[in-house]
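Right, one structure below, let's go through it.
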Amino acid sequence: MKKTITIIVPCYNEHEVLRQCHSSLTALMQSQPDYDWEVLMINDGSTDDTLDIIKELAAADPRVQYVDLSRNFGKEAAMLAGMDYAKGDCVIEVDADLQFPPDVIPLMIERWQHGYADVYGRYTYRPQESWPRRVLTRMFYRLLRAASQFDVMPEVGDFRLLDRKCVDALCTLREQQRYTKGLYDWIGFKKCEVTFEKTERVAGTSKYSMRQLFALACDGLTSFTTAPLRLAILGGLIISLIYNDPAQGFPTLIVVMLFLGGVELLALGIIGEYVGKIFNETKRRPVYFVNSSSTTPRDANGKS
């Protein structure tokens, strides 16, 4: 009996690249006839004609299925929706902009057949990216790896193959503010890497602004470590030990007051981030809502 492989493609305003993405995936599927294939496109509240193109592709190719979310919930939620609906024995996550090389996927499948449950792609080249963004990304990963109790791998994105047991594990984690790159490492399982070079986008630009990337970084730090809280405690201890300053006068008093006020606001901001996450999680809202779909969640057919 053939094994089934599901390719998850999160889509947000991807009308310029969808047809070319489907052509590339079709060539891949034709080169691997030993497997049954499912292409699951998740429309994450696109405002262009992305959904119309997805439905057109689904009508022409029975391997293409789609899930249309009720609004833009973000890529993290869209990937969870894809995992909920994927029927495959393994899942491959790709971006619609074709920055992933399809010729690496057969190697991922080969590693999966050799017993690896999580085969992730590590990129060696980041095109169209400014040096400040590259530097900030490296700094964030170094900070997260130093603060976390597990290894969060840099230069690793969402392009990866996940065995069904990994997908089922991730589907049980219904966090509101998701940082999936950290969850991949948190769940464990046997991992293996393949390296690749990112290609230039076929069309369009990155959907993440610097503000969104900063918010994602904050989610990553506060989701997997309490180190920022401990840093606030350490800062308070150090400041409390400072005494017997020989400088006198009104300017010194103002500087000290401003410094202490800044430290207090920083500590309150860190605490506020954690309290905000608690507030969002205790409401227990669904991660996403579905407007329409051409398939059903895997749970409806019974988990294997």
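The values are calculated or read from the model by the stated rules, or taken from the named source; none is laboratory data. Source: prediction; values computed, not measured. Quick reminder, even Gly has a Cβ in these numbers, built from the backbone with ideal geometry, and neighbours come from all protein chains shown.
A27 falls short on exactly one of the conditions (1) under 29 Å from D163 (Cβ atoms); (2) surrounded by 16 or more Cβ atoms within 10 Å (Cβ to Cβ), and that condition is (2). Of the residues that make up segment 103-120, is at least one part of a strand (DSSP E or B), hydrophobic (A, V, I, L, M, F, W, C) and either without any contact (Cβ under 8 Å) to a residue 12 or more places away in the chain or out of contact with any His (no Cβ under 7 Å at 6 or more places or on another chain) (or both)? Yes, the conditions are met somewhere in segment 103-120.
When only residues in segment 282-304 that are assigned to a helix (DSSP H, G or I) and at pLDDT 80 or above count, which is farthest from R63 (Cα to Cα)? For segment 282-304, the residue satisfying everything is T282. Within segment 47-95, track down each residue that is surrounded by fewer than 20 Cβ atoms within 10 Å (Cβ to Cβ) and of a type in the set (S, T, Y). The answer is T47, S70. Taking first residues from segment 6-20 that are within 16 Å of L69 (Cβ to Cβ) and partners that are basic (K, R) and at pLDDT below 90, the Cβ contacts under 8 Å between residues at least 6 apart in sequence or on separate chains come to P10/K75; Y12/K75; Y12/K207; N13/K207.
Would you mind stating whether S223 is at pLDDT 70 or above, outside any loop (DSSP other than H, G, I, E, B) and among the polar types (S, T, N, Q)? If you could, list the steps in order and put the result at the bottom.
Details: at pLDDT 70 or above: no; outside any loop (DSSP other than H, G, I, E, B): yes; among the polar types (S, T, N, Q): yes.
Here the answer is no, as S223 does not meet what is asked.
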